[in-house]
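**Student:** There's a structure below that I have some questions on.
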Amino acid sequence: MKREHPDFACQPVAPFGPLDAPLLIAGLAPGLKGANASGRPFTGDGAGPLLYGTLTELGLATRPEPVRIGDHPSTLRAADGLQLQGCRVSNAVKCLPPGNKPLPTEIRTCNRFMAAEIAAMPNLRVIVALGKVAHDAVLMALGRRASSARFAHAAEHRIEGYTVIDSYHCSRYNQNTGRLTAPMFRAVFERAVHLLS
């Protein structure tokens, strides 16, 4: 991949945001032209403006030039000054998956990183899982079977002292098909903020 795209990061993507945050946002995996290129979760692809724009509107993210939901993905760059406040973003899979779709073995292999991430966050109370893969990865990291808590948009689950809130993933595909709208996405994060207040 690095040979084809020498200017891309093409490395495992580290979590982004303060470790002492009470809110963890669990994503899926780096996108080819997103986090795989930029080295920062949700940066450079169509999912980023919706996520970081929503967080900005709710006071969970700041940048010298605020991120807006309608921004073009190219307006987000790893060195743009974006800072998260009270939340942290991590992916279920750390490297670009083949065909942009994580295999079960990759999810299992990377799950120790998700478990370590959760354990390392001393103030963590709420986890927002973006999509079923992230939902299942969070459950696995918490020692639960996927069948113990069914994924559904805006569903809430109390697991091991945490509240896990599900959302459809903020992918461009879900946005374009109307499966996920900006108000639906915002409502999930408004609920997360409410639970933390």
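The values are calculated or read from the model by the stated rules, or taken from the named source; none is laboratory data. All values derive from a computational prediction rather than experimental measurement. A quick note on method: Cβ atoms are made from the backbone with ideal geometry, for glycine too, and the neighbour counts reach across all protein chains shown. Note: areas computed on protein heavy atoms with side chains; ligands, DNA, RNA excluded. Shrake-Rupley method; radii C 1.70, N 1.55, O 1.52, S 1.80 Å.
**Student:** At pLDDT 95 or above, in a loop (DSSP other than H, G, I, E, B) and of a type in the set (Lys, Arg), is that true of residue 68?
**Tutor:** Spelling it out, residue 68 is indeed at pLDDT 95 or above, in a loop (DSSP other than H, G, I, E, B) and of a type in the set (Lys, Arg).
**Student:** Name the residue, out of 155, 134, that is open to solvent by 10 Å² or more (accessible area, probe 1.4 Å) and within 27 Å of residue 197 (Cα to Cα).
**Tutor:** Just one listed residue meets the conditions, 155.
**Student:** Could you list all residues from the range 1-32 that are surrounded by 17 or more Cβ atoms within 10 Å (Cβ to Cβ), under 14 Å from residue 97 (Cβ atoms) and modelled with pLDDT of 65 or more?
**Tutor:** 13, 27, 28, 29, 30, 31
**Student:** Within the range 81-93, can you find the residues that are open to solvent by 20 Å² or more (accessible area, probe 1.4 Å) and part of a loop (DSSP other than H, G, I, E, B)?
**Tutor:** Hits for the range 81-93 are 81, 85, 86.
**Student:** In addition: List pairs: first residue in the range 158-185 and under 10 Å from residue 50 (Cα atoms) and without any contact (Cβ under 8 Å) to a residue 12 or more places away in the chain, second residue open to solvent by less than 60 Å² (accessible area, probe 1.4 Å) and not in a strand (DSSP E or B) anywhere in the structure, Cβ distance under 8 angstrom, at least six positions apart or on different chains.
**Tutor:** These pairs meet every condition: 181/175.
**Student:** Looking at 127, 118, can you tell me which residue is open to solvent by less than 80 Å² (accessible area, probe 1.4 Å) and in a strand (DSSP E or B)?
**Tutor:** 127
**Student:** If you don't mind, another one. Assuming residue 45 fulfils every condition listed in (1) surrounded by fewer than 24 Cβ atoms within 10 Å (Cβ to Cβ); (2) touching a strand residue (DSSP E or B) at 6+ places or on another chain (Cβ under 7 Å) apart from one, which condition is it?
**Tutor:** Condition not satisfied by residue 45: (2).
Residues checked against (1) at negative phi; (2) at pLDDT below 95; (3) part of a helix (DSSP H, G or I):
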| site | (1), (2), (3) |
| --- | --- |
| 77 | yes, yes, no |
| 105 | yes, yes, yes |
| 134 | yes, no, yes |
| 150 | yes, no, no |
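**Student:** Identify all residues within the range 170-197 that are closer than 18 Å to residue 61 by Cβ and assigned to a loop (DSSP other than H, G, I, E, B); write none if there are none.
**Tutor:** Scanning the range 170-197 gives 170, 197.
**Student:** Conditions: (1) in a helix (DSSP H, G or I); (2) more than 13 Å from residue 54 (Cα to Cα); (3) in contact with a strand residue (DSSP E or B) (Cβ under 8 Å, 6 or more places away or on another chain). Residue 154 meets all but one. Number of the miss?
**Tutor:** With respect to (1) in a helix (DSSP H, G or I); (2) more than 13 Å from residue 54 (Cα to Cα); (3) in contact with a strand residue (DSSP E or B) (Cβ under 8 Å, 6 or more places away or on another chain), residue 154 is out only on (1).
**Student:** Can you run down the residue pairs with Cβ atoms below 7 Å, 6 or more apart or on separate chains, where the first is in the range 62-79 and under 11 Å from residue 43 (Cα atoms) and the partner is among the hydroxyl-bearing types (Ser, Thr, Tyr) and part of a loop (DSSP other than H, G, I, E, B)?
**Tutor:** 76/43; 77/43; 78/43
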